[in-house]
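Novice: The structure that follows is given in the form of structure tokens.
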Amino acid sequence: MDYHDYYKRIGRTIISSKRIQKRVKEIANEINKEYKDSDVVLISNLKGSFRFLADLVANLKIPTILDFIAFTSYTGTKRRNEVRIIKDLKVNVKNKKVIVVEDIVDTGYTVDFILKYLFDFKHPLEVKICTLLDKPSTRKIDVPVDYRGFIIPDLFVIGYGLDYKEYFRELNDIVEYKED
Ligand code: IMP
């Protein structure tokens, strides 16, 4: 199986680029209001959230610091319960207000892991979770979601940063990827 086989499995559009852009502006406005008197550190969990992060910061009007962290819990479309750290933070978030920017919350294991990791090792003042997509029907562990773009059903989706085997991040719409 290669890219051309994967390409044939692209399904219908779930969320158009236009709807994404509109919703990202709304979320940025909520954050602008809530953090108007305080600095915030945005932590993006690579790589799926890179486009969401870029569009989000383009609409923020508050002092922000960015950093990147990388955890993984997926191989292809298959979930794994184990979450591993691939890249650590560079910025010191001690006593800082943090927003973790996620592409999607599925089982919740990744967000749960990030929250525990940050509070155990980095001592932030507070941590909020901001996710573009949320699949509540597949949740295995209860996690807080403070800002949410869209709720989607139990489908594997690609595009707007989300991948299948590292491909399709460049698609501007969020589309279904039909699993075997
Ligand atoms: P969780 O740990 O199961 O909540 O999964 C979170 C991570 O799995 C996300 O940050 C994504 O990288 C990946 N993921 C979950 N669902 C999808 C999907 O439908 N498409 C692409 N990646 C996904």
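Novice: Calculate what fraction, in whole %, of the accessible area of segment 28-75 sits on carbon and sulfur atoms when a 1.4 Å probe is rolled over the protein chains.
Specialist: C and S fraction of accessible area: 55 percent.
Novice: In addition: Mean separation of Cα pairs under 8 Å and 6+ residues apart, divided by the residue count of segment 106-180: what relative contact order is that in percent?
Specialist: Reported relative contact order: 24 percent.
Novice: Another question, if that's okay. Set the Förster radius R0 to 41 Å, insert the Cβ-Cβ distance between K165 and K116 as r into 1/(1 + (r/R0)^6), and round the FRET efficiency to 0.05.
Specialist: Details: r = 28 Å, r/R0 = 0.69.
The value I calculate is 0.90.
Novice: Within the chain, which DSSP H helices have Cα atoms that stretch 15 Å or more along the helix axis and a mean Kyte-Doolittle hydropathy of at least -0.5?
Specialist: 109-121
Novice: While we're here: Using +1 at the C-beta of Lys and Arg and -1 at the C-beta of Asp and Glu, which of H123, V40, M1 has the Cα lying farthest in the positive direction of the dipole of the chain?
Specialist: V40
Novice: Further question on the same structure: What does the charge count near I104 come to, summing +1 for each Lys or Arg and -1 for each Asp or Glu among other residues with Cβ under 10 Å from its Cβ?
Specialist: Charge balance in the 10 Å sphere: -3.
Novice: For segment 20-137, evaluate the Debye formula with one uniform point scatterer on each Cα (no solvent term) and list log10 I(q)/I(0) at q = 0.13 Å⁻¹, rounded to two decimals.
Specialist: Per q value, in the given order, log10 I(q)/I(0) is -0.49.
Novice: Here's a follow-up. Ranked from highest to lowest mean number of other Cβ atoms within 10 Å per residue, what is the order of the peptides 159-165, 134-140?
Specialist: Most protected by this proxy first, the peptides run 159-165, 134-140.
Novice: Return the whole-Å distance between the Cα centroid of segment 42-69 and the Cα centroid of segment 107-160.
Specialist: 15
Novice: To continue, here is another question. Once fully extended, how much extra length lies between I65 and Y3, figured as 0.36 nm per residue of separation less the alpha-carbon to alpha-carbon distance?
Specialist: Residue separation times 0.36 nm, minus the Cα-Cα distance, leaves 18.7 nm.
Novice: Also: Please compute the length gained on full extension between K33 and H123, using 0.36 nm multiplied by the number of residues separating them and subtracting their Cα-Cα distance.
Specialist: Numbers: separation 90, 0.36 × 90 = 32.40 nm, distance 2.45 nm.
Taking K33 through H123 to full extension adds about 29.9 nm, to one decimal.
Novice: Still on this model: Using the Cα centre of segment 96-180 as the reference point, and only Cβ charges (+1 on K/R, -1 on D/E), how large is the resulting charge dipole? Debye, rounded to the nearest 20.
Specialist: About 440 debye.
Novice: Could you give the size of the charge dipole of the chain about its Cα centre, using +1 on the Cβ of each K and R and -1 on the Cβ of each D and E, expressed in debye and rounded to the nearest 20?
Specialist: Numbers: 32 positive and 28 negative charges, 42 e Å.
Charge dipole of the chain: 200 debye, to the nearest 20.
Novice: I'd like to check one number: the per residue accessible area of segment 3-177, probe 1.4 Å, reported in Å² as a whole number.
Specialist: Per-residue accessible area for segment 3-177 comes out at 50 Å².
Novice: While we're on this one: From the cross-link list K90/K128; K33/K140; K25/K47; K36/K128, which pairs have alpha carbons spaced over 27 Å apart?
Specialist: Distance filter (> 27 Å) returns K33/K140.
Novice: Just to be sure I understand: if I project the alpha-carbon convex hull of segment 128-180 onto a plane and average over all orientations, what area do I get in nm²?
Specialist: Numbers: hull surface 17.5 nm².
Mean projected area of the Cα convex hull: 4.4 nm².
Novice: Taking the convex hull of the Cα atoms, report for segment 79-180 its projected area averaged over all directions, in nm².
Specialist: 7.2
Novice: Using Cα pairs closer than 8 Å and at least 6 residues apart in sequence, work out the relative contact order for segment 3-177, in percent.
Specialist: Numbers: 342 pairs, mean separation 43.6, N = 175.
Computed value for segment 3-177: 25 percent relative contact order.
The values are calculated or read from the model by the stated rules, or taken from the named source; none is laboratory data. Predicted, not measured: the structure shown is a model, and the values here were computed from it. When we count neighbours, we look across all protein chains shown, and the Cβ atoms used for this are built from the backbone with ideal geometry, even at glycine. For accessibility, only protein heavy atoms count, side chains too; no ligands or nucleic acids. Shrake-Rupley method; radii C 1.70, N 1.55, O 1.52, S 1.80 Å.
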